[in-house]
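S.K.: First the structure, then my questions, so here it is.
The values are calculated or read from the model by the stated rules, or taken from the named source; none is laboratory data. Note that the structure is predicted; figures quoted are calculated from it, not measured. Cβ coordinates were reconstructed from backbone atoms using ideal geometry, including for glycine residues, and neighbour counts include every protein chain displayed.
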Amino acid sequence: MRRRLLQLCAFLLIPALSAVTPLIAIPAITATSGAAGWEAYALGLSIGSAGGVIVELGWPVTGPQRVAAESPGARWTTLVTSVRTRLLALVVVSPIAIALSALVTVNADSDHTGTAALMALASVTAGLSGNWFFTGTGHPLRILTSEALPRAVLITGSSVALLAGAPLETVPASYLLSAIISPIVSLLLARRDRESSSDFSFAHDVAAIREQLPAMGVRSIGALYMALPITLVGIFAPSALSTFAAVERLMRMGLTVLQAVPNVLQTWMGSARSPGERRHRATRSILICGAVGVLAGMVFTVATPIVTPFLFTGTVEVQWSLAALGGIVVALVCISRATGGLALVAYRRVPALTVSTAAGAVVGVPAISLLAAAGGAAGGFVGEILAEVAAITVQTFALLSAMRADDHGTDPP
């Protein structure tokens with residue numbers, strides 16, 4: 001129990017550091033470049049994050065529980081395979097993300113096209129992160145060494161440089177450098193587990209990519225309504241972009257911290273050996289994540305209107321009603337992470353997870369677009385709520401079916 005509590009503290013501390021780091025950059029961006037600079041930065045981050053989800057190839061979905069059950073040598077092989085395959089994906093995806101971010105900002109008559117393009121590249125490259133690997137092996141402090149600490153140092157330095165007169169591109173350039181550092185340090189930290197018998201080839205990489213396609217589908221489809229809302233609002237309701245992007249960014253930062261809860265449960269969930277134990281742990285995980293999500297949503301509702309004027313140096317103001325909508329999204333995402341990323345993966349129902357994210361995208365993309373056009377920032381968040389509800393509904397039915405099949409000893413369909 002003590003070891004698990006220490007792990008939880010580490011898993012909370014590290015995402016908290018990752019979430020606080022961008023807070024240093026935001027005031028510097030708005031103070032020097034105003035709302036226009038913030039919008040370009042946020043658009044590049046939105047588009048790049050969606051591309052980064054594709055580059056991940058689903059490793060954060062299947063990887064943690066997989067390496068938790070593997071021997072050290074097999075873990076090393078899995079990590080190297082993941083980096084090689086994700087580099088191949090990066091070569092394909094990054095030019096598309098750069099071009100799309102430049103196109104959107106040009107259409108918005110922005111003077112910060114270069115910032116958006118560079119931030120898109122940095123966010124795509126972040127898909128190479130080894131965080132999921134150290135989550136699965138139960139070494140959260142290695143996430144601090146490989147990613148959180150280098151990013152904090154680089155972003156802090158670039159923010160100071162920006163205030164001293166450096167160009168806005170300095171901030172996304174520092175993000176890009178930290179994204180490159182992360183997989184390199186991850187491999188160095190895990191190298192003691194390597195085995196000389198490991199054999200890698202292009203054919204092996206292609207086979208691994210094919211194996212990851214279902215999980216990649218889950219993450220990629222989900223990105224349409226989780227990573228792209230800022231882009232959709234920028235296209236359909238540009239006048240609401242700065243406010244929506246501010247609340248959305250703060251919400252995602254909070255969810256980064258809250259990811260620690262399902263992260264620390266991954267190994268516990270994946271190590272269940274009997275149907276009864278698996279059901280018990282799945283139920284407990286959902287209750288824990290749901291309770292944390294509701295509490296966090298309430299805190300978000302109260303805190304966001306208070307902190308926004310300070311963080312965005314007076315360029316953005318948020319009403320309580322808008323913050324409440326963001327708080328509802330926070331609670332729903334926490335529940336979805338448990339029903340989907342924890343429980344359905346433990347029951348080997350990744351295809352069902354794909355269906356749920358597809359349902360979220362089918363509902364979310366048109367809902368966010370149309371409701372934002374009609375109701376501005378509030379409409380955009382209502383669209384996100386509808387998307388999350390659709391995804392959770394599908395996940396719940398699939399999970400109940402998986403539990404019944406597991407209890408009767410039948411294979412999943």
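S.K.: Which ones in segment 274-315 are surrounded by 14 or more Cβ atoms within 10 Å (Cβ to Cβ) and hydroxyl-bearing (S, T, Y)?
M.R.: Correct list: T283, S285, T301, T304, T308, T313, T315.
S.K.: Take V389 and decide whether it is over 19 Å from G297 (Cβ atoms) and assigned by TED's automatic domain parsing to the domain that holds R252.
M.R.: no
S.K.: Moving to a separate point now. Could you tell me whether any residue of segment 305-326 is in a loop (DSSP other than H, G, I, E, B), among the aromatic types (F, W, Y) and touching a residue at least 60 places away in the same chain (Cβ under 8 Å)?
M.R.: Yes, some residue in segment 305-326 is in a loop (DSSP other than H, G, I, E, B), among the aromatic types (F, W, Y) and touching a residue at least 60 places away in the same chain (Cβ under 8 Å).
S.K.: Then there's this: Kindly indicate whether any position in segment 210-226 is out of contact with any helix residue (DSSP H, G or I) (no Cβ under 6 Å at 6 or more places or on another chain), surrounded by fewer than 16 Cβ atoms within 10 Å (Cβ to Cβ) and without any contact (Cβ under 8 Å) to a residue 60 or more places away in the chain.
M.R.: Checked against the condition, which is being out of contact with any helix residue (DSSP H, G or I) (no Cβ under 6 Å at 6 or more places or on another chain), surrounded by fewer than 16 Cβ atoms within 10 Å (Cβ to Cβ) and without any contact (Cβ under 8 Å) to a residue 60 or more places away in the chain, segment 210-226 yields at least one hit.
S.K.: Next up: Working carefully through the options G376, G293, find the one that is small (G, A, S), assigned to a helix (DSSP H, G or I) and more than 19 Å from L228 (Cβ to Cβ).
M.R.: G293
S.K.: Looking at the structure I just gave you, is V104 surrounded by 18 or more Cβ atoms within 10 Å (Cβ to Cβ), touching a Ser or Thr at 6+ places or on another chain (Cβ under 8 Å), in a helix (DSSP H, G or I) and in the same structural domain as T145 (by TED's automatic domain parsing)?
M.R.: yes
S.K.: Quick one: what pairs do we get from segment 53-72, first residue in contact (Cβ under 8 Å) with a residue 24 or more places away in the chain, second part of a loop (DSSP other than H, G, I, E, B), C-beta under 7 Å, 6+ apart or different chains?
M.R.: Here the result reads V53/A227; A68/S271, each pair linking segment 53-72 to a residue that is part of a loop (DSSP other than H, G, I, E, B).
S.K.: Identify, please: which residue in segment 343-374 is more than 23 Å from A50 (Cβ to Cβ) and not charged (D, E, K, R) and is, among those, surrounded by the fewest Cβ atoms within 10 Å (Cβ to Cβ)?
M.R.: Checking each candidate, the answer is A374.
S.K.: Moving on. Within segment 30-77, which residues are within 24 Å of the chain's Cα centre (by Cα), outside any helix (DSSP H, G or I) and surrounded by fewer than 22 Cβ atoms within 10 Å (Cβ to Cβ)?
M.R.: Residue satisfying the conditions is A69 alone.
S.K.: Here is a follow-up. Starting from residues that are of a type in the set (S, T, N, Q) and touching a residue at least 12 places away in the same chain (Cβ under 8 Å), keep the ones in segment 150-196 and report whichever is surrounded by the fewest Cβ atoms within 10 Å (Cβ to Cβ).
M.R.: Going through the qualifying residues, I end up with T156.
S.K.: Might you check whether a residue that is of a type in the set (S, T, Y), over 30 Å from M269 (Cα atoms) and in contact with a helix residue (DSSP H, G or I) (Cβ under 9 Å, 6 or more places away or on another chain) occurs anywhere in segment 136-155?
M.R.: There is no residue in segment 136-155 that is of a type in the set (S, T, Y), over 30 Å from M269 (Cα atoms) and in contact with a helix residue (DSSP H, G or I) (Cβ under 9 Å, 6 or more places away or on another chain).
S.K.: In the set V389, V330, V362, which member is farther than 18 Å from A291 by Cα, in a helix (DSSP H, G or I) and touching a residue at least 12 places away in the same chain (Cβ under 8 Å)?
M.R.: Exactly one residue qualifies, and that residue is V362.
S.K.: Of all the residues that make up segment 395-413, how many are out of contact with any Leu (no Cβ under 9 Å at 6 or more places or on another chain) and part of a helix (DSSP H, G or I)?
M.R.: Result for segment 395-413: 9.
One line per residue, one yes/no per condition, for (1) at pLDDT 80 or above; (2) of a type in the set (D, E); (3) at positive phi:
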site	(1), (2), (3)
R2	no, no, no
L13	no, no, no
I24	yes, no, no
P27	yes, no, no
E39	yes, yes, no
I54	yes, no, no
W59	yes, no, no
W76	yes, no, no
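S.K.: Is it the case that some residue within segment 167-179 is under 22 Å from the mean Cα position of the chain (by Cα) and under 30 Å from S356 (Cα atoms)?
M.R.: For segment 167-179, residues under 22 Å from the mean Cα position of the chain (by Cα) and under 30 Å from S356 (Cα atoms): present.
S.K.: When you scan segment 82-96, do you find a residue that is assigned to a helix (DSSP H, G or I), modelled with pLDDT under 90 and among the hydrophobic types (A, V, I, L, M, F, W, C), even just one?
M.R.: Looking for residues that are assigned to a helix (DSSP H, G or I), modelled with pLDDT under 90 and among the hydrophobic types (A, V, I, L, M, F, W, C), one finds none in segment 82-96, hence no.
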